[in-house]
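To keep things clear, I will list the structure first and then write my remarks on it.
The values are calculated or read from the model by the stated rules, or taken from the named source; none is laboratory data. Owing to the predicted nature of the structure, the values given are computational and were not obtained by experimental measurement. Note that we place each Cβ from the backbone using ideal geometry, even for glycine, and neighbour counts take in every protein chain shown. Protein only, heavy atoms only, side chains kept; ligands, DNA and RNA dropped before computing areas. Shrake-Rupley method; radii C 1.70, N 1.55, O 1.52, S 1.80 Å.
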Amino acid sequence: MKILVTNDDGVQAPGLLALAQAMRQLGAVTVLAPDRNWSASGHVKTMERPLRVRETHLADGSAAFSSDGAPSDCVALALLGVLNEKYDLVVSGINPNANIGHDVTYSGTVTAAMEAVIAEVPGLAVSLDSPPEHGLLDYGPAARVALRVATQAMQQGLPAGILLNLNVPYLQDDQFKGLLITRQGLRVYRDALDARKDPRGRAYYWIGGDAPTGIAEDGTDFGALAAGYISLTPLHLDLTARAAIPTLQNWPWS
Ligand code: MN
């Protein structure tokens, strides 16, 4: 089994190292990840500039590849054959923050797994629901969960067009309450505009504010994490609001 590991935090991020090391227990791992942080970059296809792929090493000395493209570019490059290999599975992460609810369209971690599904390769995104204030994160428990989920996905076979969005609470192995299959919950964003002036008096802006929270409803990703459960959400790229189709069909079009 050949596994492509990528992320959106950059090839040297500790979460990627933990994920790559765990996935080596399931198959042969190739790492191709961005050369810098692309968090919250969304689903990107770089078309107006060339992309480079370079050899590098992870902190454990293992060989890896980096690219100046986005996470989804890295997946596209690999699945289009840039390294002359085929892959059975794409795993993205481990992101240091949860990717739940509406986060999935912002997330470079999740959109990397979406790119895999577009190429008809199973995709798994892995994120850690770390506490707001933390020092060095321990990715070990989340990496072990990711290995269990990836193993199960390969044994059972993922339905076509489906990617898995895995979010792991920041707990020790024996503290997880279990694993729940969830739906996307509702994120509550607390963004605020921070307008400043540069030294030449021109305006510039940061999208600042507080970290997002969410509605801890039963059956949702946010609800599962809030209760100490691992959250596994099957996603597809069809965003069609089916319930709204009859309403729009009844508008006076002619
Ligand atoms: Mn990230």
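Summary table
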{"read-out": "Highest-fluctuation residue, 84, 165, 99 considered, GNM on the chain with Cα pairs under 10 Å", "value": "84"}
{"read-out": "Within the chain, percent of DSSP bridges classed antiparallel, to nearest 5", "value": "45"}
{"read-out": "Alpha carbon convex hull of the stretch 85-205, volume per residue in cubic angstrom", "value": "182"}
{"read-out": "Using θ = phi - 60° and Karplus 6.51 cos²θ - 1.76 cosθ + 1.60, couplings along the stretch 63-76 (whole Hz; Gly, Pro as x)", "value": "6, 8, 10, 10, 9, 8, x, 6, x, 5, 5, 4, 5, 4"}
{"read-out": "Compactness relative to 2.2 N^0.38 Å, alpha carbon Rg of the stretch 1-155", "value": "0.93"}
{"read-out": "Amide proton proximity set for residue 56, modelled H, under 5 Å, gap of 5+", "value": "64, 65, 66"}
{"read-out": "Portion, in percent, of the accessible area of the stretch 75-170 that falls on carbon or sulfur, probe 1.4 Å", "value": "54"}
{"read-out": "Summed side-chain charge close to residue 161 - residues other than residue 161 whose Cβ falls under 9 Å, Lys, Arg +1, Asp, Glu -1", "value": "-2"}
{"read-out": "Over the stretch 38-124, relative contact order from alpha-carbon pairs under 8 Å, at least 6 apart, %", "value": "35"}
{"read-out": "Tail weight of P(r) past 23 Å, computed on alpha-carbon pairs of the stretch 1-83, percent", "value": "14"}
{"read-out": "Most to least accessible of 45, 86 (protein chains only, probe 1.4 Å)", "value": "86, 45"}
{"read-out": "Residue with peak Gaussian network fluctuation, the chain [Cα springs, cutoff 10 Å], from 126, 44, 188", "value": "188"}
{"read-out": "Environment charge at residue 100 (Cβ cut-off 10 Å; Lys +1, Arg +1, Asp -1, Glu -1)", "value": "-2"}
{"read-out": "Modelled FRET efficiency - R0 30 Å, residue 247 with residue 156, Cβ distances, 0.05 increments", "value": "0.20"}
{"read-out": "Highest-fluctuation residue, 164, 235, 26 considered, GNM on the chain with Cα pairs under 10 Å", "value": "26"}
{"read-out": "Set of lysines with alpha-carbon distance to residue 86 below 17 Å, sequence-local pairs under 8 removed", "value": "2"}
